[in-house]
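Have a look at the structure below, then the notes.
The values are calculated or read from the model by the stated rules, or taken from the named source; none is laboratory data. Just so it is clear, the model here is predicted, and its values are computed rather than measured. All Cβ positions, glycine included, derive from the backbone under ideal geometry; neighbour counts span all protein chains shown.
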Amino acid sequence: MPLNWGWCVGPVWRRVTGFSACPQCSPDWASSPSPSSKVLDPGSQHRGILDTHIPPPSVGHQHASPASSPTTILPTMAEDSVLAPKFAPFIGMAGIAAAMIFGCIGAAYGTAKSGIGIAGCLIPVVMSGIIAVYSLVISVLIAQDLVPPGAGSNYSLFNGFMHLACGLSVGFTGLAAGYTIGIVGDKGVRSYMEQSRIFVGMVLILIFGEVLGLYGLIVALILNTKSKG
C-alpha cells in the first residue's frame with residue numbers, strides 16, 4: 001500500500017531515503033522496498049531517517065535541588081548532634097562542682113589550720129574565707145549559662161569544656177591558696193606571739209598565698225567570657 005507523505009523535497013528526499021523520486025512522482029513505488037525495510041536490513045547501502053540512533057528520553061528524571069535533597073540535611077543534623085550533645089550540660093555542672101568543692105576545701109583547711117593560733121591575729125581566717133567567695137562567683141556565672149538539653153538547646157561541648165576549665169582553675173588555685181594560708185597562719189601567729197617583728201613578713205606571705213586564688217579567679221572569668229562567643 002503506497003504511503004501518502006503529502007510533501008516533496010526533490011534532492012533532499014533522494015539524499016535521505018535513497019529513492020530516485022518521491023512517492024507521488026514515482027510509478028514503481030508500490031514495487032519498491034519501503035524505507036522501513038531498507039533501514040532494518042543490516043546489509044543495505046542506503047540509510048534512512050529511521051536508521052539514526054535516537055537515545056530514549058529520560059522520563060521523570062529531575063535533578064533535585066540541594067535545598068530539597070535529604071543528603072544536605074542529614075549531615076547538618078549529625079553535626080548539630082555531635083557539637084551539642086545532650087550530655088554537654090553535665091560537663092558544665094562538673095565545672096560548678098569542681099569550683100565549689102575544691103575552693104571550699106581550701107578555705108576550710110586555711111580557716112581551721114590558722115584558727116589554732118587565733119589568739120593574736122584574725123587576718124589568716126579572713127583571707128581563707130575570701131577563697132570560698134571566688135569559687136561562689138564562678139559557680140554562679142557558670143550556672144547562669146547552663147541550658148537544659150532539648151530541641152532548641154545550643155549548649156555545645158565547647159561551652160561545657162570552657163565551664164569545666166573555669167571550675168577547675170578557680171577550685172584548684174583556691175585549694176592551693178587555702179593550704180598556704182593555713183600553714184602560714186598557724187606558724188606565723190605562733191611566732192608572732194614570741195617575736196612581734198615578724199608580723200609584716202607574715203602578712204606579706206599571706207597576701208602572696210591569697211593571690212594564688214585571685215589568679216585562678218581571673219583566668220576563670222576570662223574563660224567564661226570566651227564561652228559566650
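Structure values in brief
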| quantity | calculated |
| --- | --- |
| Residue among Val203, Val219 that is within 15 Å of Val125 (Cα to Cα) and among the aliphatic types (A, V, I, L, M) | Val203 |
| Cβ pairs under 7 Å, 6+ apart, first in region 187-208 and at negative phi and of a type in the set (D, E, K, R), second buried (at least 16 other Cβ atoms within 10 Å of the Cβ) and assigned to a helix (DSSP H, G or I) | Arg190/Gly117 |
| Conditions (1) touching a His at 6+ places or on another chain (Cβ under 8 Å); (2) within 13 Å of Ala177 (Cβ to Cβ); (3) not acidic (Asp, Glu); number of the one not met by Ser227 | (2) |
| Answer from Gln195, Gln144 - the residue that is surrounded by fewer than 19 Cβ atoms within 10 Å (Cβ to Cβ), modelled with pLDDT under 85 and not acidic (Asp, Glu) | Gln195 |
| Residue match in region 152-170 (condition: loosely packed, with under 15 Cβ neighbours inside 10 Å, free of Cβ contacts under 8 Å to residues at least 24 places away in the same chain and not basic (Lys, Arg)) | yes |
| Among the candidates Ser81, Ser139, Ser114, residue that is of a type in the set (Gly, Ala, Ser), at pLDDT below 90, assigned to a helix (DSSP H, G or I) and buried (at least 17 other Cβ atoms within 10 Å of the Cβ) | Ser114 |
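The rows are residues; the columns are (1) under 12 Å from Gly92 (Cα atoms); (2) in a helix (DSSP H, G or I); (3) touching a helix residue (DSSP H, G or I) at 6+ places or on another chain (Cβ under 8 Å); (4) not polar (S, T, N, Q).
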{"residue": "Pro148", "(1), (2), (3), (4)": "yes, no, yes, yes"}
{"residue": "Asn154", "(1), (2), (3), (4)": "no, no, no, no"}
{"residue": "Met162", "(1), (2), (3), (4)": "yes, yes, yes, yes"}
{"residue": "Gly171", "(1), (2), (3), (4)": "no, yes, yes, yes"}
{"residue": "Gly174", "(1), (2), (3), (4)": "no, yes, yes, yes"}
{"residue": "Gly185", "(1), (2), (3), (4)": "no, yes, yes, yes"}
{"residue": "Ser191", "(1), (2), (3), (4)": "no, yes, yes, no"}
{"residue": "Gly213", "(1), (2), (3), (4)": "no, yes, yes, yes"}
